[in-house]
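First comes the structure, then the notes that go with it.
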Amino acid sequence: MGETTIEELRKRFEESREVRRREADWDFINKQPPRIRAALIYYIEKGDLRMAQKLSGLSLEEFIVFLEKARIPRTYF
């Protein structure tokens, strides 16, 4: 198996972020309370589910419901 370079990882991360940005329901996101809105945007930009969940103050299950309502895909690479 070939090794994945840092540049390849950076490209995959950027592609994942673009998918999350494009698919997100920004109207829904912008209507949320500040803490949840910030956590959703953090997830879109960074892809770090656990940190975004902690920032939101919600349980993981509750935060995932918000991700689904906001139509933010959970991307993996």
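Tabulated results
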{"quantity": "Residue match in the range 20-29 (condition: surrounded by 15 or more Cβ atoms within 10 Å (Cβ to Cβ), modelled with pLDDT of 95 or more and touching a Pro at 6+ places or on another chain (Cβ under 7 Å))", "calculated": "yes"}
{"quantity": "Selection from the range 30-59 of residues that are exposed (fewer than 13 other Cβ atoms within 10 Å of the Cβ) and farther than 15 Å from Tyr76 by Cβ", "calculated": "Asn30, Lys31, Pro33, Pro34, Arg35, Glu45, Gly57, Ser59"}
{"quantity": "Elements of type helices (runs of 4 or more DSSP H) contained in the range 1-76, each with 2 or more residues being charged (D, E, K, R) and touching a residue at least 12 places away in the same chain (Cβ under 8 Å)", "calculated": "6-23, 34-46"}
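The values are calculated or read from the model by the stated rules, or taken from the named source; none is laboratory data. Keep in mind the model is a prediction, meaning the values are calculated, not measured. Methodologically, a virtual Cβ is constructed for each residue, glycine included, from the backbone with ideal geometry; neighbour enumeration extends over all protein chains shown.
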